[in-house]
Amino acid sequence: MSLEGPSGHFPGNFGSDPLLSAGLGIAAQWGEALGGPEKLQAALKALEPQLRREHELNKLRLERQEADAARKAMAEEAEAQRRADAVEREEDRRAREQMAVRHHRHQMRLLHSAVALSVLMLGGGLYAMPTNGWIAGALCGPSLLSLLRIFVLRRSTDADVREVGRSARGAGNALPFV
(Lines give C-alpha, C1' and ligand atoms only; values in the text may rest on other atoms or scores of the structure.)
Protein backbone atom coordinates (compact mmCIF):
# COMPACT_ATOMS: atom_id res chain seq x y z
CA MET A 1 0.00 0.00 0.00
CA SER A 2 1.41 3.35 -0.98
CA LEU A 3 0.04 6.83 -0.45
CA GLU A 4 2.05 8.20 -3.32
CA GLY A 5 0.28 9.12 -6.49
CA PRO A 6 1.39 8.21 -10.02
CA SER A 7 3.90 11.05 -10.09
CA GLY A 8 5.65 9.81 -6.91
CA HIS A 9 4.19 12.59 -4.76
CA PHE A 10 1.59 12.42 -2.04
CA PRO A 11 -1.99 13.33 -2.97
CA GLY A 12 -3.35 16.72 -1.96
CA ASN A 13 -1.30 19.79 -1.19
CA PHE A 14 1.22 18.06 1.09
CA GLY A 15 4.22 18.71 -1.10
CA SER A 16 4.46 22.31 0.09
CA ASP A 17 4.87 21.29 3.78
CA PRO A 18 8.09 19.28 4.17
CA LEU A 19 7.24 18.24 7.74
CA LEU A 20 3.86 16.81 6.77
CA SER A 21 5.38 15.13 3.73
CA ALA A 22 8.04 13.49 5.88
CA GLY A 23 5.39 12.34 8.38
CA LEU A 24 3.27 10.80 5.64
CA GLY A 25 6.35 9.13 4.19
CA ILE A 26 7.18 7.55 7.55
CA ALA A 27 3.56 6.42 8.00
CA ALA A 28 3.61 4.84 4.53
CA GLN A 29 6.86 3.03 5.31
CA TRP A 30 5.40 1.71 8.58
CA GLY A 31 2.30 0.56 6.76
CA GLU A 32 4.40 -1.39 4.27
CA ALA A 33 6.70 -2.82 6.98
CA LEU A 34 3.85 -3.98 9.18
CA GLY A 35 2.00 -5.53 6.35
CA GLY A 36 -1.16 -3.52 6.02
CA PRO A 37 -3.40 -0.89 7.50
CA GLU A 38 -4.78 -3.20 10.21
CA LYS A 39 -1.36 -3.71 11.72
CA LEU A 40 -0.58 0.00 11.38
CA GLN A 41 -3.79 0.81 13.21
CA ALA A 42 -2.88 -1.62 15.99
CA ALA A 43 0.61 -0.10 16.24
CA LEU A 44 -0.86 3.40 16.42
CA LYS A 45 -3.28 2.29 19.16
CA ALA A 46 -0.34 0.88 21.10
CA LEU A 47 1.55 4.15 20.54
CA GLU A 48 -1.38 6.30 21.73
CA PRO A 49 -0.72 5.90 25.54
CA GLN A 50 2.90 6.92 25.03
CA LEU A 51 1.79 9.96 23.06
CA ARG A 52 -0.71 10.87 25.82
CA ARG A 53 2.06 10.63 28.43
CA GLU A 54 4.34 12.82 26.33
CA HIS A 55 1.49 15.28 25.84
CA GLU A 56 0.87 15.41 29.60
CA LEU A 57 4.58 15.89 30.22
CA ASN A 58 4.67 18.73 27.70
CA LYS A 59 1.64 20.33 29.36
CA LEU A 60 3.29 20.06 32.79
CA ARG A 61 6.54 21.48 31.38
CA LEU A 62 4.64 24.43 29.88
CA GLU A 63 2.74 25.01 33.14
CA ARG A 64 6.03 24.95 35.05
CA GLN A 65 7.55 27.44 32.59
CA GLU A 66 4.51 29.69 32.99
CA ALA A 67 4.74 29.44 36.79
CA ASP A 68 8.47 30.21 36.65
CA ALA A 69 7.80 33.19 34.40
CA ALA A 70 5.07 34.40 36.78
CA ARG A 71 7.40 33.99 39.79
CA LYS A 72 10.13 35.86 37.95
CA ALA A 73 7.72 38.66 37.04
CA MET A 74 6.55 38.89 40.66
CA ALA A 75 10.15 38.98 41.88
CA GLU A 76 10.98 41.75 39.40
CA GLU A 77 7.86 43.66 40.47
CA ALA A 78 8.82 43.26 44.14
CA GLU A 79 12.34 44.47 43.37
CA ALA A 80 10.96 47.49 41.49
CA GLN A 81 8.65 48.23 44.45
CA ARG A 82 11.57 47.91 46.87
CA ARG A 83 13.60 50.35 44.77
CA ALA A 84 10.67 52.78 44.61
CA ASP A 85 10.27 52.54 48.39
CA ALA A 86 13.97 53.21 48.87
CA VAL A 87 13.76 56.28 46.63
CA GLU A 88 10.70 57.48 48.54
CA ARG A 89 12.46 56.98 51.89
CA GLU A 90 15.46 58.93 50.59
CA GLU A 91 13.19 61.77 49.45
CA ASP A 92 11.47 61.77 52.85
CA ARG A 93 14.84 61.90 54.60
CA ARG A 94 15.92 64.85 52.45
CA ALA A 95 12.64 66.64 53.11
CA ARG A 96 13.06 66.11 56.87
CA GLU A 97 16.62 67.44 56.68
CA GLN A 98 15.43 70.53 54.78
CA MET A 99 12.68 71.08 57.34
CA ALA A 100 15.20 70.75 60.16
CA VAL A 101 17.48 73.31 58.48
CA ARG A 102 14.57 75.73 58.01
CA HIS A 103 13.47 75.22 61.61
CA HIS A 104 17.00 75.87 62.84
CA ARG A 105 17.23 79.07 60.75
CA HIS A 106 13.89 80.22 62.13
CA GLN A 107 14.97 79.55 65.71
CA MET A 108 18.24 81.40 65.14
CA ARG A 109 16.36 84.41 63.67
CA LEU A 110 14.13 84.44 66.75
CA LEU A 111 17.18 84.30 69.01
CA HIS A 112 18.89 87.13 67.15
CA SER A 113 15.70 89.17 67.30
CA ALA A 114 15.40 88.55 71.04
CA VAL A 115 18.98 89.60 71.64
CA ALA A 116 18.52 92.75 69.54
CA LEU A 117 15.26 93.60 71.30
CA SER A 118 16.83 92.99 74.70
CA VAL A 119 19.82 95.18 73.90
CA LEU A 120 17.49 97.92 72.61
CA MET A 121 15.31 97.69 75.73
CA LEU A 122 18.35 97.79 77.98
CA GLY A 123 19.79 100.73 76.03
CA GLY A 124 16.44 102.55 76.12
CA GLY A 125 16.14 101.93 79.85
CA LEU A 126 19.62 103.27 80.49
CA TYR A 127 18.94 106.27 78.26
CA ALA A 128 15.66 107.04 80.06
CA MET A 129 17.04 106.43 83.59
CA PRO A 130 18.22 109.99 84.37
CA THR A 131 14.94 111.60 83.35
CA ASN A 132 12.24 108.97 83.91
CA GLY A 133 12.88 106.14 86.35
CA TRP A 134 9.55 104.41 85.78
CA ILE A 135 10.17 103.87 82.08
CA ALA A 136 13.72 102.76 82.78
CA GLY A 137 12.37 100.28 85.35
CA ALA A 138 9.78 98.96 82.92
CA LEU A 139 12.32 98.55 80.13
CA CYS A 140 15.09 97.01 82.24
CA GLY A 141 13.03 95.16 84.82
CA PRO A 142 10.75 92.18 84.68
CA SER A 143 9.58 92.82 81.11
CA LEU A 144 13.14 92.43 79.84
CA LEU A 145 13.54 89.20 81.74
CA SER A 146 10.13 87.95 80.57
CA LEU A 147 10.89 88.70 76.93
CA LEU A 148 14.26 86.98 77.24
CA ARG A 149 12.58 83.98 78.79
CA ILE A 150 9.94 83.89 76.03
CA PHE A 151 12.37 84.20 73.12
CA VAL A 152 15.52 82.50 74.38
CA LEU A 153 14.07 79.66 76.43
CA ARG A 154 10.95 79.47 74.22
CA ARG A 155 8.76 79.13 77.27
CA SER A 156 6.04 81.47 78.24
CA THR A 157 3.51 81.25 80.99
CA ASP A 158 0.48 83.32 81.71
CA ALA A 159 2.40 85.00 84.51
CA ASP A 160 5.11 86.12 82.05
CA VAL A 161 2.58 87.62 79.68
CA ARG A 162 0.70 89.32 82.55
CA GLU A 163 3.99 90.65 83.90
CA VAL A 164 4.95 92.18 80.55
CA GLY A 165 1.47 93.73 80.21
CA ARG A 166 1.55 95.09 83.76
CA SER A 167 4.95 96.72 83.26
CA ALA A 168 3.81 98.25 79.98
CA ARG A 169 0.70 99.67 81.67
CA GLY A 170 2.77 100.87 84.60
CA ALA A 171 5.17 102.64 82.28
CA GLY A 172 2.29 104.25 80.43
CA ASN A 173 0.68 105.44 83.66
CA ALA A 174 3.95 106.86 84.95
CA LEU A 175 4.36 109.37 82.16
CA PRO A 176 4.16 112.90 83.47
CA PHE A 177 1.64 115.26 81.97
CA VAL A 178 3.27 118.31 80.58
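The values are calculated or read from the model by the stated rules, or taken from the named source; none is laboratory data. Every value quoted in this text rests on a predicted model; they were computed, and no experiment measured them. In this analysis, Cβ positions are derived from the backbone assuming ideal geometry, glycine residues included, and neighbour counts consider all displayed protein chains. SASA here: full protein model, heavy atoms, side chains in, ligands and nucleic acids out. Shrake-Rupley method; radii C 1.70, N 1.55, O 1.52, S 1.80 Å.
The figures follow:
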item: Segment 111-119 - phi-based ³J(HN,Hα) in whole Hz, Karplus 6.51/-1.76/1.60, Gly and Pro as x; result: 5, 5, 5, 5, 5, 5, 5, 5, 5
item: Using a Förster distance of 30 Å, the FRET efficiency for ALA27-GLU54 (Cβ separation, nearest 0.05); result: 0.95
item: Rounded to whole Hz, the Karplus (6.51, -1.76, 1.60) HN-Hα couplings of segment 59-68, x for glycine and proline; result: 4, 4, 4, 5, 4, 5, 4, 5, 5, 4
item: Total formal charge among the other residues, if their Cβ is under 15 angstrom from that of MET108, Lys/Arg +1 and Asp/Glu -1; result: +4
item: Sequence of TRP30, TRP134 when ordered by accessible area, the most exposed leading, probe 1.4 angstrom; result: TRP134, TRP30
item: From phi via Karplus (6.51, -1.76, 1.60), per-residue ³J(HN,Hα) for segment 26-32 in Hz, x at Gly/Pro; result: 5, 4, 5, 5, 5, x, 5
